[in-house]
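Heads up, the thing below is written out as structure tokens.
The values are calculated or read from the model by the stated rules, or taken from the named source; none is laboratory data. Bear in mind that the values here come from a model prediction, so they are computed numbers and not experimental data. When we count neighbours, we look across all protein chains shown, and the Cβ atoms used for this are built from the backbone with ideal geometry, even at glycine.
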């Protein structure tokens, strides 16, 4: 990492209760005892997917960080980076028609564009170590 970069780790999980109802949550972790560490629950009226939890976690990190703070966001998935780096132009060209979680993806695109940290797009998500 270069000087001044801040590492953030995000995660997501989906659980099925006894009635078969899905419950999804996300997590944001900076370091032990950091007050910015956070867990979140995907609202019941929203799709209960790990993708939505990961995107929401990433969006919260970007919204809460100073716009000039270089970030490295680690995730076990590559959802946000695939969408923002490889598919963004195609999504915008088609008006986001039929794209799941387009509300979060559009907000992520905005947050990335207003950041002044020059490496924000290049290091949006780095895949973290594999879990057993």
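Summary table below
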{"item": "Number of the exception - residue 59 against (1) at pLDDT 90 or above; (2) more than 15 Å from residue 104 (Cα to Cα)", "result": "(2)"}
{"item": "Breaking point among (1) part of a strand (DSSP E or B); (2) modelled with pLDDT under 90; (3) within 20 Å of residue 110 (Cα to Cα), for residue 8", "result": "(2)"}
{"item": "Members of the stretch 3-16 that are touching a strand residue (DSSP E or B) at 6+ places or on another chain (Cβ under 9 Å) and exposed (fewer than 11 other Cβ atoms within 10 Å of the Cβ)", "result": "15, 16"}
{"item": "Residue list for the stretch 55-75, restricted to those being touching a strand residue (DSSP E or B) at 6+ places or on another chain (Cβ under 8 Å) and surrounded by fewer than 16 Cβ atoms within 10 Å (Cβ to Cβ)", "result": "69"}
{"item": "Some residue of the stretch 71-78 being outside any loop (DSSP other than H, G, I, E, B), farther than 19 Å from residue 106 by Cβ and over 16 Å from the mean Cα position of the chain (by Cα)", "result": "no"}
{"item": "Those residues of the stretch 80-108 which are modelled with pLDDT under 90, more than 22 Å from residue 9 (Cβ to Cβ) and touching a helix residue (DSSP H, G or I) at 6+ places or on another chain (Cβ under 8 Å), in sequence order", "result": "88"}
{"item": "Which numbered condition residue 57 fails, given (1) part of a helix (DSSP H, G or I); (2) more than 15 Å from the chain's Cα centre (by Cα)", "result": "(2)"}
{"item": "The stretch 17-54, subset without any contact (Cβ under 8 Å) to a residue 24 or more places away in the chain, part of a loop (DSSP other than H, G, I, E, B) and touching a helix residue (DSSP H, G or I) at 6+ places or on another chain (Cβ under 9 Å), residue surrounded by the fewest Cβ atoms within 10 Å (Cβ to Cβ)", "result": "46"}
{"item": "Evaluation of residue 115 against (1) touching a residue at least 24 places away in the same chain (Cβ under 8 Å); (2) touching a strand residue (DSSP E or B) at 6+ places or on another chain (Cβ under 8 Å) (one fails), failing number", "result": "(2)"}
